[in-house]
Structure formats: C-alpha cells, structure tokens
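Chemist: Before I ask anything, here is the structure I am working with.
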Amino acid sequence: MKPILEIKNVTYIYSAGTPFEHKALDDVSFAVSRGEFIGIIGHTGSGKSTLMQQLNGLLKPTSGTVLLDGQDIWADKKLTRQARFRVGLVFQYPEYQLFEETVYKDIAFGPKNMGLDEQEIDRRVREAAGFVGLTDQQLEVSPFDLSGGQKRRVAIAGVIAMEPEVLILDEPTAGLDPVGRAEILGNIEQYRKAKNATVMMVSHSMEDVARLTDRLLVMNGARLAMDAAPAEIFTHAEQLVEMGLNIPQVTQVFLHLRKMGLDVPNVYTIDQAVKALKGFGGGANIC
C-alpha cells in the first residue's frame, strides 16, 4: 500500500551557523499508511514537536524530504499550502488559540481559508461539531463561555472541519479529567474510522498509546529510536526507562515480578495482565 505520508532522512537544525545551533531532528525516516493510528512518545527535548511541524509544512527540513501522497510538500508553494490543510495539526492546549465571537465562527475559520462556499462550510462545521460532541446550541455561544473540556473540543473541531487526511495531535487530553480524556479520545477514534484518516498522537500516557495505537514511534536524542507495534515496543521496558520514559503501570508491575524471579510475560494492558495472572494459582481470585 502506498504511504499517505513519508519522511525520508529528515534533519532539522535550529539557528544553523550560529553559536545557538541545535540539531532537533537527526536523519529521521518512516512511512505512514492511510487509516493508521500512530503514537509518538519521547522525553522532553527528544524532537517530537519539531517532527510534528515538519509533517504539515510549518517547518522546512534542513535536509531530507517530506512526501504527502508521494509528492514533496516543498516542491512548490501550492503543495506546501495543500499540505497544511491535508495534514491537520492540533497543538497542546489548543483552546488558548480560540479567538472568534462564536463557536461556529471558530470552527469555520479553517474551511473559510480553504476558499469553500458557505453551504460546504456549514456542512463541515456541523459535522465536525458532531464528531466532538458539540450541540447546535453551543455553536452559537462564545467559546470563552465554555468549560475547558468544551473549548478543547471546539479547537479540535476547527481542525477536523478541514477534513484532514492526517490528523496530528499534541497531548490532546492534557489537563482533562478521566471522563473528559475518554470522551476526547473517543471523538478522535470516531473521526479516524468515519474518514479512514491517519491519526498521529503525541502522548505521555503510556496507557493511552498502548490501548489505542497500531504503532509507536519512540524519539530519543533527535533520532527515531524505535518504530513498532506497542506489543513489541513495551518488551523493551528497561530501555524505555533508560530513555527517561514512563511505561504502562501494569508493565511496571510485571517487570518488578520478573526481577523477583517470577516467570511472567511482558504485558502492557489490563486485559493482558488479567490473562497472565490467571495462569498462576489463585490468580483468578486476585483479579
């Protein structure tokens, strides 16, 4: 299958040629298929944010290539502009970027910049609002009158309204309570399935990425250190800890049991832990 998005040997250097020169990405390569749900993890300063901004043309690689549907997004200005609509980027705490008088106008901002007619803009606004659980009544109020979780929904809807083929989110559940987190993640998954969109999500929640994603990209020291399914990534728990990363709590527990000499498998979800414990005498009662 042809990748929807491909990164080839991308390096990015901030303040190149100055005393403040800093290499944020170092020869990073990977490909993304349509419909995949990919998690991006890494400690602070590992290159995650810089990588995201390469993917939709906010930053131009110092060297290397970003391909969208096989075309270099920097080959000409039209392709760069198209990439910014086709690859939607939701920054961390996007609710701080709201600015319009009403929720409707805020969600409509992106589609208007795409040059769409009013009927198509209206369809997209209402469909995007539906994806994130906003009502028609909420579309007419000021976004500043909403709760923090509702503002987050408005901001995500504003990107979804552009109907990106690739949706990139930086910590979309940061600061939300457990109910709000579950709802936002459900909204994202609903959009992915409805549009067969690719989702790439930066997260510090190992439980979320273990449960939701098809693949994990692990960034470390500006390089792509690992690229595999969660089941494979979390078999390297000790290496992840050395990189300064958390691991799912159930993985931590089973890692501790192995250090105690017990022959237990690698697990990274609660369901796997329950099955593993049932293999021990009395395990079913423990669960």
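Derivation of every value follows stated rules applied to the coordinates shown; laboratory data play no part. As the structure is a computational prediction, the values presented were derived from the model and not from experiment. Cβ sites come from the backbone with ideal geometry, for glycine too, and all protein chains shown count toward neighbours.
Chemist: Based on the mean of other beta carbon atoms within 10 Å per residue, what is the order of 36-42, 100-106, most packed first?
Modeler: Most protected by this proxy first, the peptides run 36-42, 100-106.
Chemist: Mind giving me the nanometre distance, one decimal, between the label points for Asn9 and Glu21, set 7 Å out from Cα along Cα→Cβ?
Modeler: About 1.9 nm separates the two model spin labels.
Chemist: Using Cα pairs closer than 8 Å and at least 6 residues apart in sequence, work out the relative contact order for the chain, in percent. Walk me through the numbers before you get to the answer.
Modeler: Numbers: 524 pairs, mean separation 59.7, N = 287.
The normalised contact order for the chain reaches 21 percent.
Chemist: For the cross-link pairs Lys105/Lys151; Lys2/Lys193; Lys48/Lys193; Lys77/Lys112, which exceed 22 Å when the distance is taken from alpha carbon to alpha carbon? Write down the numbers at each step before the final one.
Modeler: Details: Lys105/Lys151 13 Å; Lys2/Lys193 19 Å; Lys48/Lys193 25 Å; Lys77/Lys112 19 Å.
Listed pairs above 22 Å: Lys48/Lys193.
Chemist: While we're on this one: Take the alpha carbon atoms of the chain, find their radius of gyration, then divide it by 2.2 N^0.38 Å using N residues; give the quotient.
Modeler: Taking N as the residue count of the chain, the ratio is 1.09.
Chemist: Please report Ser142, Ser49 as a ranked list, fewest other C-beta atoms within 10 angstrom at the top and most at the bottom.
Modeler: Listing Ser142, Ser49 from fewest to most nearby Cβ atoms yields Ser142, Ser49.
Chemist: So what is the orientation-averaged projected area of the range 1-143, using the convex hull of its C-alpha atoms, in nm²?
Modeler: On the way: hull surface 43.4 nm².
With every direction weighted equally, the projected area is 10.9 nm².
Chemist: Let me ask something additional. Can you give the extra length, in nm with one decimal, that the chain gains between Asp136 and Ala194 once fully stretched, where that is 0.36 nm per residue apart less the Cα-Cα distance?
Modeler: Value of the extension gain: 18.8 nm.
Chemist: So how much slack lies between Ala229 and Gln249, counting 0.36 nm per residue of separation and subtracting their Cα-Cα distance, in nm?
Modeler: Result for the pair: 5.4 nm of gain on full extension.
Chemist: Okay, helix-only estimate at 222 nm for the chain: each DSSP H run of n ≥ 4 adds -39500 (n - 2.57), divide by all residues, round to 500 deg cm²/dmol; what do you get? Each step should come with its number before you reach the end.
Modeler: Values: 13 runs with 118 residues, N = 287.
Helices in the chain give a 222 nm mean residue ellipticity of -11500 deg cm²/dmol.
Chemist: Over all alpha-carbon pairs of the range 97-163, lay out the pair-distance distribution in 5 Å bins, whole %, shortest bin first.
Modeler: Pair shares across the bins are 3, 22, 35, 26, 11, 3, 0.
Chemist: Report the FRET efficiency, 1/(1 + (r/R0)^6), for His43 and Asp117, where r is their Cβ-Cβ distance and R0 is 35 Å, rounded to 0.05.
Modeler: Working: r = 46 Å, r/R0 = 1.31.
So the FRET efficiency works out to roughly 0.15.
Chemist: If packing is taken as the average number of other Cβ atoms within 10 Å across a peptide's residues, how do 241-248, 127-134, 199-206 rank, most packed first? Each step should come with its number before you reach the end.
Modeler: Values: 241-248: 16.6, 127-134: 20.5, 199-206: 22.2.
In descending order of packing, they fall as 199-206, 127-134, 241-248.
Chemist: May I pose another question? Once the other residues with Cβ under 12 Å from the Cβ of Asp117 are scored (Lys, Arg +1; Asp, Glu -1), what is the net sum? Show your work: numbers first, answer last.
Modeler: Details: positive: Lys112, Arg123, Arg124; negative: Glu118, Glu120, Asp122.
Counting the neighbours of Asp117, the net charge comes to 0.
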